[in-house]
Amino acid sequence: MFDRSLVRHAPGLQVAVENEAHRPFLDALFIACSPMRGVLPDPMMQQQAALRETAYRTDHPVAMRRVVVAKGAPIGRIIVDWGFDGAALLVDIAVAPERQGAGMGTALLHAYLDVADRRGQPAMLHVMRDNPALRLYARLGFAPVEPQDFAPHLAMIRAPHTGG
């Protein structure tokens, strides 16, 4: 359902089920999108990428994992845990920096929300409080979960939309 929805929102994109062959791309994507890029040395960034991936696989073992492809090359990824405590949890979403700003991330979000709505699930995500994507999430109907502690991440939720 997600794959079809993404192609409707972004006809030029393709979707591949994430597999081990994607690992070099996914590690490079993590590093390219990390706020720690240029601060930590490359070996530590590689270690951070591996640790994060291990955490995702441990915490969300049955999550949907997709790599987004444009013109035969991977450009992004999305991970959604459709069974996270009754909600559809957006575990990770990333688009290569050189491809950002062209609506691909928004198309991924719309496809995710389409499926959550069809399933009647609230959509949930966690985002750094200083992430510029907060404005986009708010436009898409996400609101902070209250109360929030002073952690660097903000939990946000969007109720399922029905009737179209």
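The values are calculated or read from the model by the stated rules, or taken from the named source; none is laboratory data. Every value quoted in this text rests on a predicted model; they were computed, and no experiment measured them. Glycine gets a Cβ as well: all are built from the backbone with ideal geometry, and neighbour counts include every protein chain shown. These area figures cover heavy atoms from the full protein model, side chains too; ligands, DNA and RNA do not enter into them. Shrake-Rupley method; radii C 1.70, N 1.55, O 1.52, S 1.80 Å.
Within the range 71-89, track down each residue that is surrounded by 16 or more Cβ atoms within 10 Å (Cβ to Cβ), among the small types (Gly, Ala, Ser) and farther than 20 Å from ALA21 by Cα.
Residues of the range 71-89 surrounded by 16 or more Cβ atoms within 10 Å (Cβ to Cβ): 74-82, 84, 87-89.
Filter once more, keeping what is among the small types (Gly, Ala, Ser): 76, 87-88.
Selection gives ALA87, ALA88.
One residue is enough: does the range 50-72 have a residue meeting the conditions in a helix (DSSP H, G or I) and under 15 Å from VAL95 (Cβ atoms)? Can you show your working first?
Kept after step one, since they are in a helix (DSSP H, G or I), are these residues of the range 50-72: 50-59.
With the extra rule that they be under 15 Å from VAL95 (Cβ atoms), the set shrinks to none.
Looking for residues that are in a helix (DSSP H, G or I) and under 15 Å from VAL95 (Cβ atoms), one finds none in the range 50-72, hence no.
Residues in the range 111-121: is at least one surrounded by fewer than 14 Cβ atoms within 10 Å (Cβ to Cβ), out of contact with any helix residue (DSSP H, G or I) (no Cβ under 8 Å at 6 or more places or on another chain), closer than 16 Å to ALA10 by Cα and small (Gly, Ala, Ser)?
no
Within the range 116-133, identify whether any single residue is touching a Lys or Arg at 6+ places or on another chain (Cβ under 7 Å) and modelled with pLDDT of 95 or more, and answer yes or no. I'd like the intermediate steps shown before the answer.
Within the range 116-133, the first condition is being touching a Lys or Arg at 6+ places or on another chain (Cβ under 7 Å), and the residues that meet it are 122-123.
Now restrict to residues that are modelled with pLDDT of 95 or more: 122-123.
Yes.
Starting from the range 16-36, take each residue that is assigned to a loop (DSSP other than H, G, I, E, B) and list its partners that are crowded, with 18+ Cβ neighbours inside 10 Å and aliphatic (A, V, I, L, M), counting only C-beta distances under 6 angstrom and pairs at least six apart or across chains.
GLU18/VAL67
Looking at the range 41-63, can you tell me whether even one residue there is under 20 Å from ALA123 (Cα atoms), touching a residue at least 24 places away in the same chain (Cβ under 8 Å) and of a type in the set (Phe, Trp, Tyr)?
Checking the range 41-63: at least one residue is under 20 Å from ALA123 (Cα atoms), touching a residue at least 24 places away in the same chain (Cβ under 8 Å) and of a type in the set (Phe, Trp, Tyr).
If I filter the range 142-164 down to residues being in a loop (DSSP other than H, G, I, E, B) and under 20 Å from ILE79 (Cα atoms), which single residue comes out as most open to solvent (accessible area, probe 1.4 Å)?
Of the range 142-164, the ones in a loop (DSSP other than H, G, I, E, B) are 142, 145-152, 159-164.
Those still in the list that are under 20 Å from ILE79 (Cα atoms) too: 142, 159-160.
Numbers: PHE142: 9, ALA159: 66, PRO160: 45 Å².
The selected residue is ALA159.
When the range 51-70 is examined, which residues are found to be modelled with pLDDT of 95 or more, surrounded by 12 or more Cβ atoms within 10 Å (Cβ to Cβ) and either touching a Ser or Thr at 6+ places or on another chain (Cβ under 7 Å) or farther than 30 Å from PRO11 by Cα (or both)?
The answer is ASP59, and nothing else.
Give the residues of the range 90-110 that are open to solvent by 20 Å² or more (accessible area, probe 1.4 Å) and either among the basic types (Lys, Arg) or assigned to a loop (DSSP other than H, G, I, E, B) (or both), sorted by residue number.
Selection gives ARG99, GLN100, GLY101, ALA102, GLY103.
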